[in-house]
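Structure first, commentary second.
The values are calculated or read from the model by the stated rules, or taken from the named source; none is laboratory data. As the structure is a prediction and not an experimental result, all values here were calculated from the model. Using ideal geometry, Cβ is built from the backbone for each residue, glycine included, and neighbour counts are taken over all protein chains shown. Only protein heavy atoms, including side chains, enter the accessible area calculation; ligands, DNA and RNA are left aside. Shrake-Rupley method; radii C 1.70, N 1.55, O 1.52, S 1.80 Å.
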Amino acid sequence: MATLTPGFHGHRRTRGDRLPPGQFLTEDFPVLSAGPTPEVPLDQWEFTLTTEDGGRHRWTWEQFLALPQQEVTTDLHCVTRWSKFDTRWRGVSLDTLLEGVTTHARYALAESYGGYTTNLPLADLRDGKAWIAHTYDGEPLAAEHGGPARLLVPHLYFWKSAKWITGLTLGRTDRRGFWEQFGYHDYGDPWREQRTWND
Ligand SMILES: Nc1nc2c(c(=O)[nH]1)N[C@H]1C(S)=C(S)[C@@H](COP(=O)(O)O)O[C@H]1N2
Ligand SMILES: [Mo]
């Protein structure tokens, strides 16, 4: 006969369900930037979505804030092995930004002020899986964490969540981003531990 220890099992299941393999939990919010933090005045900020045909959709800060906003509470997983639970964000869903954009592209390249890039399949930006976030824990997103606004794609390793985002270019072919060129995995699923090219 099986012996059940509900408390222990429940605890293990909760943690195991939420902490991907090879990760440890942290309470603080580490800063990982490959270069200096760009300064982006809000009256100069813009976000541009470019389709595979070169069509451009552009939002100023004012226009971006006038779009429907969403609150998101989510776990984060960095490839350097820290995970953070229940982070609170506010921003615009990529579904909202892609509304009315005609595209047959399969891939997206995110581009940031400062030159950082990262690539991901367009499907991973759709269906409530990705946001451009401008508020963290009820406060304007700090510059070191990507303010004025960053991409937030929490189901992939956090390097895919481009800080200081200014554009998304959609394409029919996949183009590797900054870390992906240096050996990070093209897709980066934390649950399959897709850290590097060989994973
Ligand atoms: N523009 C830009 N975005 C970036 C990075 C970067 O160096 N530049 N680093 C990535 C990496 S590796 C991680 S883990 C997260 C770190 O975000 P944080 O500094 O807010 O913790 O941002 C990602 N987005
Ligand atoms: Mo990272």
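Got a sec? Which of GLU62, GLU71 is loosely packed, with under 15 Cβ neighbours inside 10 Å, more than 30 Å from GLU27 (Cβ to Cβ) and without any contact (Cβ under 8 Å) to a residue 60 or more places away in the chain? Before the answer, list the steps.
Values: GLU71 fails: more than 30 Å from GLU27 (Cβ to Cβ).
Within the list GLU62, GLU71, the selection yields GLU62.
Here's the yes/no breakdown for (1) more than 20 Å from SER33 (Cα to Cα); (2) in contact with a Phe, Trp or Tyr (Cβ under 8 Å, 6 or more places away or on another chain); (3) within 15 Å of ligand 2 (Cβ to nearest atom); (4) hydrophobic (A, V, I, L, M, F, W, C):
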| position | (1), (2), (3), (4) |
| --- | --- |
| THR166 | no, yes, no, no |
| THR173 | yes, yes, no, no |
| PHE182 | no, no, yes, yes |
| ARG192 | yes, no, no, no |
| ARG195 | no, yes, yes, no |
Flagged pairs (Cβ under 7 angstrom, 6 or more apart or on separate chains; first in the stretch 30-43, closer than 23 Å to VAL79 by Cα and open to solvent by 60 Å² or more (accessible area, probe 1.4 Å); second away from ligand 2 (no atom under 16 Å from the Cβ) and not polar (S, T, N, Q)) are THR37/ALA143
Across (1) on the phi > 0 side of the Ramachandran plot; (2) modelled with pLDDT of 95 or more, GLY100 clears everything bar (2)
Residue set TYR157, TYR113; condition more than 24 Å from GLU52 (Cβ to Cβ), touching a strand residue (DSSP E or B) at 6+ places or on another chain (Cβ under 7 Å) and near ligand 1 (Cβ under 9 Å from one of its atoms); output residue TYR157
